[in-house]
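Novice: A single structure is presented below for examination.
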Amino acid sequence: MGTENPNPRNYPLRPAATPFASPQSSTPFASPQSSTPFASQQSSTPFASQQSSTPFLSSGPVVGSEAPVFRPGPPSASNFPAPPFSGGPLVGTEAPAFRLPPSSRSSEGVRPPPPPSSGGPPTSGFQSFPNPPMPSAGQVPPPQISHTGRPAFAPPTRPPPDQHFFSAPRPSSQPTSPPTGTSYAAGRGIYPGYANMQLNSVSQDPPMQPASFQLQQGGYGPRLQSASFPLQQGGYAPRAPPTSLLAQQRGYAPIPPVSTPSGIYPGNQFQQHGIAPPVAAQQGLAEDFSSLSLGSIPGSFDAGLDNTALPRPLDGDVEPKCFADMYEMNCKSRFLRLTTSGIPNSQSLASRWHLPMGAVVCPLAETPPGEEVPIVNFATGIIRCRRCRTYVNPYVAFTDNGRKWRCNICSLLNDVPSDYFAQVDASGRRVDLDQRPELIKGSVEFIAPAEYMVRPPMPPLYFFLIDVSISAVKSGMLEVMAQTIRSCLDNLPGSTRTQIGFITYDSTIHFYNMKSSLPQPQMMVISDLDDVFVPLPDDLLVNLSESRSVVEAFLDSLPSMFQDNMNVESAFGPALKAAFLVMSQLGGKLLIFQNTLPSLGAGRLKLRGDDIRIYGTDKEHTIRLPEDSFYKQMAADFTKYQIAVNVYAFSDKYTDIASLGTLAKYTGGQVYYYPNFQASIHKDKLKHELSRDLTRETAWEAVMRIRCGKGVRFTSYHGNFMLRSTDLLALPAVDCDKAYAAQLSLEETLLTTPTVYFQVALLYTSSSGERRIRVHTAAAPVVADLGEMYRLADTGAIISLLSRLAIEKTLSSKLEEARNAIQLRIVKALREYRNLYAVQHRLSGRMIYPESLKFLPLYGLALCKSLPLRGGYSDVQLDERSAAAYTMMALPVKSLLKLLYPNLVRVDEYLVKVSLLRSCFLCWSMIWYVSYLLPMSSQTEEFDTKKRLPLTVESLDTRGLYIFDDGFRFVVWFGKALSPDITKNLVGEDFATDFSKVSLSQRDNYVSRKIMEILNQYRKSDPSYFQLCHLVRQGDQPREGFFLLTSLVEDQTGGANGYADWMSLLYRQVQQNA
Amino acid sequence: MVKLTMIARAIDGLPLVEGLDDGRDVQDTEFYKQQVKALFKNLARGQNEPSRMSIETGPYIFHYIIEERVCYLTMCDRAYPKKLAFQYLEDLKNEFERVYGNQIETAARPYAFIKFDTFIQKTKKMYQDTTTQRNISKLNDELYEVHQIMTRNVQEVLGVGEKLDQVSQMSSRLTSESRMYADRAKDLNRQALIKKWAPVAVVLGVVFLLLYVRNRFW
């Protein structure tokens, strides 16, 4: 954000400020933001200039008026000798507030002079800024100083002037900031954190601030310039800032400084990354600033724990921007996220990073319009590395005048085929770069030539395996499902090639002949369950467009066909085999609708039940594992023949999802679970999710491989797929709602390359029958420093990987152990971080964590309270647990974070407001007013949906109406003292009745319409699942507890900790044996 | 009965369509598909094959026709009437040319016209049973002379290329060897010449030297 914003404003500056501004204002800003490749310059000139510019900057906006700046002469003259100093350092402290590593360092470097000789240095120091030639002399030393003697230098210099300055804004952080060498950094680090926590409003609109700075500076620069010559200015300029700073310091300083850092920070940080390659060299410095943030848990442990100060991800998932900006040609983070973008350079460093290291890949993530992945067709074979088979990507280097290219992953020199040859210009760029998306974009799709096909591309194929036993009919599932499929027939992908087929089963298996020439489908019943065979060679699987009328006739009659079926058995296993026989020729997608526990034939499952006695014993995990090896065997066969299985389970009783889900797990499928399905309630949910499953763009018969540079290796993969060889994931069907995680480990003891590259390649058949390869490439710097790893960490990816690891752990050990493992990892990570910054921290009872991981503890807590890991026997039904576990194994990062920390929004005020507005609206006499108010109402709406509340009971006001949204369901919570009008408007006259029987539907009044609008808006923004709306009244136990209270992750529920307790627990553990 | 159906561009062997659930009851589908691909490659190399041909392979027989630079190929049981098989290919050809005729040259990716396979499936079913009235009447038609279509063995056909390769290799080896031989022979000749005249030359040289010395000092 910083990059875009300042730039335009920046440019006007340059021409205007010739003598003075060139070093002072324009260079520093221009170079960082435009991210030009002047690494060297950046380190030399900009430093000094920044230094000089920062004073202006800070003074300008902070004091709020150009006045002091404008007439620098008179006041400064008097101030000059003494104040500049206080000003100088101050400036220094503010510059760091910008968090610009170099500048801060240099400022430190400059700062030292003042204390020793209070009189002289200021002038020299200041003169150096405006004087273009001087800076180099002035600047070169500072970095060096900071390099070597940072710790030693800083403390003495800073305390006198700064400390009290610092203390003004945030007394609590005072002890930490001064202590030691890195302390400046520390101090600076605090700012942003602080800003984020307590001044949310301020931190939320950072883009504004740089803008204003720039503007003011812009104004300032020219003026100054017009006033005088560089040298003269040298005298003047510094004076201005001091005065202003002084004022600031004594007066209302606190807030501005806080805002400044947060505002400027991004820009500067980017600057550092914009100049990506040298990052390695600068890392050591950068780490201090950005990564350390003191999230204070004030005072003694539990007593003074300030609940409001705890970090909360109320803005949802914030992707780490720095990574994307560092390497512009990387694929977008929606496709690939690394848990930390800083790859450790040695094994010892990696072992100190206690969080999982790896990547979360969502190869087919939905792209917003306009950002579609470009398609590339090489006429004669795809360009790949001979040795490691890497696809050509933006990071390959062309050498030998374009005749060779060096693979960025294995650094082998490959020949460029003659028809791909292009001249290389002086800077090493190919001249045809603009026409080659694969050399510019991190994500591309190649059209695969014939070598990538073992068989002609398969058509989209949907096969339905439907349980028609009594419970399926009674619950209404059959009818809803048949209707939904029928309504989706037009939208199935693949146009005329799509194939479709059905099998139904209870205690027997029913096949349907759907030959296009038949008027009605023919049903064939097979009751031999031991030796299943297919009664008809063809026509069980038919082309949809040809047999359309037969298929429709079948779906229309399906519910009535079985409406009197009293059969309670379920020959699931044999039916599965039958489906396999029919599908094995082509592969495709198998949708299973299962209502009861499989009771006949192979794959019969026992009611092994959710035995309370088994919890806490070593056998606990066995109930979460598939009971019968039949399922795993079937899943392996399915994958081999490119069949993906989606399981829809509906039973109110135990159906052993743990076993059924295995089918989905190893075939790249998905588990949908509707406990206690009632058509009247769950109809919409099933409808939406089934039709999304059927109509979303799907990639067929896919395989995926993640390649990475020398020295690192992906060791384990987590998600729903089958591993075909050590690193090849077989995915019979993939779509945008599936993500896969992989863990990374270091192979060599020492990485020598400055950058590690990752390449995700997904070879698939699109629904239109094209074979394609989707390639995502990303680069990540290798770092030598733990702090840098923390700074580049991505909480979302970490949590995603952590959750998958924890869920897998529940399959081999107790829930308790899985939870402890999460906790242990977080504690270890925080402890390591604490040791990194041990000195300043030991003084007071506070917990430190990197800015990038500020939500990690909270998400960790939420993870421990999530369905698969929560509590013990009585907390969650076993089936729900398993279903949730299968779902979470496949969720993309964003949905997972939303599930872990759902949105809670208050709506009653808004509803009342709009209804009031509406009454105004109806007043004819006030028609003129309407035009004025209408825009306002739309604004309030925007605001309303964004304002999320912390997930704790305290957020719930008894007079309020709240919507809770975790991506899978809505809970609408009615406070006790909520105005009855609203309730009446929403649920009708009988608002006193049991809410479990009432569903929210559109009523003919404004409030109801409005709330439906909000809900639909939410649904539209997250279409992967349908959020069924549950109404809950305050105090209406156990409903309230079940739906909402257990989901308020910050509260203490059952045996689990509340957020504050959790933090102090973590804190104590971090302190221990530290 | 039709087992496999494939359509490819004759100039470069790029597969355009393939019948989908082909080869369900064939044992080594992959083996035969490989053969077909090798055949296409042969054709693409421009060895001027006749535009209609039958090729025997194991228990099956390939029939193909080449029209408008597209090769339509099917694999049937040996017992399946040749006439019907070619009739089937003719049907495919007519429909394919009608629908995709103008796009054949520009097709860039393999299986670009995979949608055509639905038509293949449909047509195939019509030809499945040789005893239907429709097919019998077709058999009786004398649409064109299938008897004139050559039948060869697949080894032969695929072997032709190999043999040619061998021959050309051999001939090139021969030429290079003969050149070497010529060089050698020349060399030998020269050596023989030297051997023959060297003593004479030495004697003459000595004589002239003596003469020269005598003239000089005496």
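Novice: For a test of the definition: using alpha carbon positions, the gyration tensor, and the 1.5 limit on a/c, classify region B:161-218 as rounded, prolate or oblate.
Specialist: Here region B:161-218 falls in the prolate category.
Novice: Taking the beta-carbon count within 10 Å as an exposure proxy, list A:Leu412, A:Leu336, A:Leu836 from fewest neighbours to most.
Specialist: Fewest-to-most Cβ neighbours within 10 Å comes out as A:Leu412, A:Leu836, A:Leu336.
Novice: Under the rule a/c < 1.5 gives rounded, and otherwise a/b versus b/c splits prolate from oblate, where does region B:99-214 land using the Cα gyration tensor?
Specialist: Cα axes put region B:99-214 in the prolate bin.
Novice: Averaged across B:7-16, how many Cβ atoms of other chains sit within 10 Å of each residue's Cβ atom?
Specialist: Mean number of neighbouring Cβ atoms from other chains: 1.
Novice: Need the full-extension length gain, A:Asp315 to A:Ala679, defined as separation in residues times 0.36 nm minus the C-alpha distance. One decimal, nm.
Specialist: 127.5 nm
Novice: Amide H of A:Cys1029: which non-local residues (sequence gap of 5 or more, or other chain) have their own amide H closer than 5 Å, using H built in the peptide plane?
Specialist: A:Phe970
Novice: In whole Å, what is the distance between the alpha-carbon centres of region A:629-707 and region B:155-218?
Specialist: Result: 82 Å between the Cα centres.
Novice: Once label points are set 7 Å from the Cα along Cα→Cβ at both A:Ala450 and A:Ile614, what is their separation, rounded to one decimal in nm?
Specialist: 5.4
Novice: Taking H placed 1.01 Å from N in the peptide plane, check which residues at least 5 places from A:Tyr512 or on another chain put their amide H under 5 Å from its amide H.
Specialist: For A:Tyr512, whose amide H was placed from the backbone, the distant partners under 5 Å are A:Phe502, A:Met524.
Novice: Just to confirm my numbers, what's the Cα centroid distance between region B:102-144 and region A:971-1038 in Å?
Specialist: Using only Cα atoms, the two centres lie 59 Å from each other.
Novice: Right, next: How far is helix B:29-44 tilted, in degrees, relative to the longest principal axis of the Cα atoms in chain B, given as a value from 0 to 90 rounded to the nearest 10?
Specialist: Around 60 degrees separate the two axes.
Novice: Counting Lys and Arg as +1 and Asp and Glu as -1, what is the net charge of the other residues whose Cβ lies under 9 Å from the Cβ of B:Cys76?
Specialist: +2
Novice: Among A:Ile375, A:Ile799, A:Ile826, what is the fewest-to-most ranking by other Cβ atoms within 10 Å?
Specialist: With the sparsest Cβ surroundings first, the list reads A:Ile375, A:Ile826, A:Ile799.
Novice: Hey, how many Å between the Cα centroid of region A:454-488 and the Cα centroid of region B:1-19?
Specialist: Result: 34 Å between the Cα centres.
Novice: Using the Cα centre of region B:90-208 as the reference point, and only Cβ charges (+1 on K/R, -1 on D/E), how large is the resulting charge dipole? Debye, rounded to the nearest 20.
Specialist: That gives region B:90-208 a dipole magnitude of about 800 debye.
Novice: First measure r as the distance between the Cβ atoms of B:Glu105 and A:Thr380, then evaluate 1/(1 + (r/R0)^6) with R0 = 22 Å and state the FRET efficiency to the nearest 0.05.
Specialist: 0.85
Novice: Show me, for region A:806-823, the HN-Hα J-couplings you get by feeding each phi into the Karplus relation (A = 6.51, B = -1.76, C = 1.60, θ = phi - 60°), rounded to Hz, glycine and proline as x.
Specialist: Values per residue, Gly and Pro as x: 5, 5, 5, 5, 5, 7, 10, 8, 6, 4, 3, 5, 4, 5, 4, 5, 4, 4 Hz.
Novice: Taking θ = phi - 60°, what integer Hz values does the Karplus form 6.51 cos²θ - 1.76 cosθ + 1.60 yield along region A:557-570, in sequence order, with x for Gly and Pro?
Specialist: With coefficients 6.51, -1.76 and 1.60, one gets 8, 3, x, 6, 4, 10, 5, 9, 5, 9, 6, 9, 7, 9 Hz.
Novice: Still on this structure, please answer the following. Per residue of region A:437-453, in order, report the coupling 6.51 cos²θ - 1.76 cosθ + 1.60 (Karplus, θ = phi - 60°) as ³J(HN,Hα) in whole Hz, putting x for Gly and Pro.
Specialist: Listing the rounded values in order: x, 5, 9, 10, 9, x, 10, 9, 10, 9, 7, 7, x, 4, 5, 8, 10 Hz.
Novice: Grab the beta carbon distance between B:Lys41 and B:Leu193, set R0 = 60 Å, and tell me the FRET efficiency rounded to 0.05.
Specialist: The formula returns an efficiency of 0.65 here.
Novice: State whether region A:475-606 is rounded, prolate or oblate according to the following rule on the C-alpha gyration tensor (a ≥ b ≥ c being the square roots of its eigenvalues): a/c under 1.5 gives rounded; otherwise a/b larger than b/c gives prolate, and the remaining case gives oblate.
Specialist: Verdict is prolate for region A:475-606.
Novice: In peptide B:107-118, how many Cβ atoms from other protein chains are near each Cβ within 10 Å, on average?
Specialist: The shielding value for this peptide is 6.
Novice: Go ahead and run the numbers for FRET between A:Ser691 and B:Glu162, Cβ-Cβ distance against an R0 of 45 Å, rounding to 0.05.
Specialist: 0.20
Novice: Counting partner chain Cβ atoms within 10 Å of every residue's Cβ in A:447-454, what's the average?
Specialist: Mean shielding count: 3.
Novice: Need the list of lysines near A:Lys947 for cross-linking: C-alpha distance under 28 angstrom, and skip anything on the same chain fewer than eight residues off.
Specialist: Answer for A:Lys947, where 28 Å is the Cα cut-off: A:Lys321, A:Lys332, A:Lys685, A:Lys854, A:Lys865, A:Lys894, A:Lys898, A:Lys913, A:Lys976, A:Lys984, A:Lys1010, A:Lys1020, listed by chain and number.
Novice: Then there is this: So, by mean Cβ neighbours within 10 angstrom, what's the order for A:423-429, A:587-593 with the highest one leading?
Specialist: Per-residue mean Cβ counts within 10 Å order the peptides as A:587-593, A:423-429.
Novice: Hey, can you grab everything whose amide H is under 5 Å from the amide H of A:Phe378? Only 5+ residues off in sequence or another chain; H modelled, so Pro and N-termini drop out.
Specialist: A:Ile447
Novice: Test of understanding: ordering B:Thr151, B:Thr123 by Cβ neighbours within 10 Å, fewest first, what list do you get?
Specialist: B:Thr151, B:Thr123
Novice: Express the relative contact order of region A:391-543 as a whole percentage, based on alpha carbon pairs under 8 Å and six or more residues apart in sequence.
Specialist: Normalised by residue count, the contact order of region A:391-543 is 15 percent.
Novice: So how do A:594-600, A:767-773, B:183-189, A:460-466 stack up, highest first, on mean other-Cβ count within 10 Å?
Specialist: Packing order, densest peptide first, comes out as A:460-466, A:594-600, A:767-773, B:183-189.
Novice: Grab the other residues whose beta carbon is less than 13 angstrom from that of B:Ala192, score K and R as +1, D and E as -1, and report the net.
Specialist: So the surrounding residues net to +4.
Any read-out appearing in this document is the output of simple, stated calculations on the displayed coordinates, not a laboratory observation. None of these values were measured; they are calculated from a predicted model. Glycine also receives a Cβ, built like all others from the backbone with ideal geometry; neighbour counts cover every protein chain displayed.
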